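Visitor: Handing you this structure, nothing more for now.
The values are calculated or read from the model by the stated rules, or taken from the named source; none is laboratory data. Remember, predicted model here, so these are calculated numbers, not experimental data. Using ideal geometry, Cβ is built from the backbone for each residue, glycine included, and neighbour counts are taken over all protein chains shown.
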């Protein structure tokens, strides 16, 4: 109690008691050491802003630095490639689910178009390649755009352009042409705070290709239903993404600088250097410019030769492993996947690390890539399909009705199995015990149950045909053997 508390408590004990209780409650509520940043933690910045406010000025710089690191740093390139391989692999496969037989037969032709390439007119990539490139851009830059054109592509089916976020006209801020809408970083939002249009440049702002009809940086609004904005939301209400490499850029730069310094140190340590001391001018001393095998050099009484003692190289492995583990943890992959170093692990520890990594990959697939990239693209596929002409109105009406009742599901690539025998036995036991179904276990392995069943049925039919052929040819073979015996 201070002096004022004592005076208040003397004249009004109840009021004094309330003052003391309130002060003790405030002290108890604020007793978090983490809320006070010591002087040695000067790099910490406690900023009161939403996810986009704190990243507005640094988002682009981080993306440019991340691109440079991926271009010139093998470790950063491996980190991005490892995540892309784990999340997308050879592609997240779309699967048409419908009871219409004619629609299923047409879907086989559409899948061949999607796999053959030509969906993106700029690069001629297939659907799986577009998925990989989109996820790669999201990891490196933090976000990317996919724009679906209503005109058919080179393959005659659909046309999707994959764009870097540089195409987004983030100069546009404030009110839109429609007074009810607002624009933030080139994204136009409606009264319900949902995107209604994206203002996209005709050309890349940093393009090195000159076009005769280039008119400068001109952007046009594109309806939000024709655009996929792929990014990872790390905070509620986040409108734009930030590079996944942002938490580890400092470590990537530090380990790159350390590698260069260690390489120079090794070069110095490998050199055999000598220093010549003399009182005479260099022109009179006859100092050799280099050392050669079997050299015999005469020196004067006033000359002295000293050889350098280069420093040794120690502690490099420990320093590198610490930073490599921090980088692997920061991007969400294992140290072994990032570096390929398996010297310090056994089967059990590697499997535990893979299980933890697989959980993150599965979460990214089902909560990010499939709902924000694959599902909208599935809707675009159905729309492009519905625009195809039919011979008569009855055929077109049947197509629209069948597409309205159909849906497109997606199956991620099969995960890497560390112990195929053990994990397959677990799946079999779960099916036999009724804890899981056979189609469910097949989907977990990255395959479609209907395709597996069709292959099994076809294989069984081939086996029956071969067995019948063998049975029919048995008497002929027996007769030939008897003739040979005779």
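Visitor: I'd like the full set of residues that are closer than 25 Å to residue 369 by Cα, out of contact with any strand residue (DSSP E or B) (no Cβ under 9 Å at 6 or more places or on another chain) and touching a residue at least 12 places away in the same chain (Cβ under 8 Å), limited to the stretch 98-117.
Guide: Within the stretch 98-117, 113, 115, 116, 117 qualify.
Visitor: Something else: Just checking, does the stretch 406-421 include any residue being surrounded by fewer than 16 Cβ atoms within 10 Å (Cβ to Cβ), touching a residue at least 24 places away in the same chain (Cβ under 8 Å) and farther than 30 Å from residue 352 by Cβ?
Guide: yes
Visitor: Something else about it: When you go through 28, 55 one by one, which is the residue that is closer than 28 Å to residue 337 by Cβ and at pLDDT below 90?
Guide: The match here is 55.
Visitor: Based on this model, can you work out whether residue 388 counts as outside the structural domain of residue 82 (by TED's automatic domain parsing), surrounded by 12 or more Cβ atoms within 10 Å (Cβ to Cβ) and within 25 Å of residue 82 (Cα to Cα)?
Guide: no
Visitor: Now for a separate question. Just to check your reading of the model, which residue among 228, 242 is assigned to a strand (DSSP E or B) and at pLDDT 85 or above?
Guide: None of the other options fit; the residue is 228.
Visitor: Something else: Only one of 375, 367 is free of Cβ contacts under 8 Å to residues at least 24 places away in the same chain and out of contact with any strand residue (DSSP E or B) (no Cβ under 6 Å at 6 or more places or on another chain); which?
Guide: After ruling out the rest, the residue left standing is 367.
Visitor: Another question, if that's okay. Taking the stated definitions as given, is residue 23 at pLDDT 80 or above and either surrounded by 10 or more Cβ atoms within 10 Å (Cβ to Cβ) or on the phi > 0 side of the Ramachandran plot (or both)?
Guide: Against the criterion (at pLDDT 80 or above and either surrounded by 10 or more Cβ atoms within 10 Å (Cβ to Cβ) or on the phi > 0 side of the Ramachandran plot (or both)), residue 23 does not qualify.
Visitor: Sticking with this structure for a sec: Looking only at the stretch 257-272, how many residues end up being at pLDDT below 70 and out of contact with any strand residue (DSSP E or B) (no Cβ under 9 Å at 6 or more places or on another chain)?
Guide: Summing the residues that are at pLDDT below 70 and out of contact with any strand residue (DSSP E or B) (no Cβ under 9 Å at 6 or more places or on another chain) in the stretch 257-272 gives 4.
Visitor: Are any residues in the stretch 388-424 at pLDDT below 85 and in a helix (DSSP H, G or I), and if so, which ones?
Guide: Those that are at pLDDT below 85 and in a helix (DSSP H, G or I): 393, 394, 395, 396, 420, 421, 422, 423, 424.
Visitor: When you check residue 118 against the structure, is it surrounded by 16 or more Cβ atoms within 10 Å (Cβ to Cβ) and either at pLDDT 90 or above or in contact with a helix residue (DSSP H, G or I) (Cβ under 8 Å, 6 or more places away or on another chain) (or both), yes or no?
Guide: no
Visitor: Name the residue, out of 321, 326, that is at pLDDT 75 or above and touching a helix residue (DSSP H, G or I) at 6+ places or on another chain (Cβ under 7 Å).
Guide: It is 326.
Visitor: Among (1) assigned to a loop (DSSP other than H, G, I, E, B); (2) out of contact with any strand residue (DSSP E or B) (no Cβ under 6 Å at 6 or more places or on another chain); (3) modelled with pLDDT of 80 or more, where does residue 216 come up short?
Guide: Unmet condition: (3).
Visitor: Another question, if that's okay. Under 9 Å between Cβ atoms, which residue pairs at least 6 apart in sequence (or on different chains) link something in the stretch 345-362 that is on the phi > 0 side of the Ramachandran plot with a partner that is surrounded by 10 or more Cβ atoms within 10 Å (Cβ to Cβ) and part of a helix (DSSP H, G or I)?
Guide: That search, which allows pairs on different chains as well, returns nothing.
Visitor: Then there is this: Is it true that residue 255 is buried (at least 18 other Cβ atoms within 10 Å of the Cβ), more than 27 Å from residue 129 (Cα to Cα) and out of contact with any helix residue (DSSP H, G or I) (no Cβ under 9 Å at 6 or more places or on another chain)?
Guide: Here the answer is no, as residue 255 does not meet what is asked.
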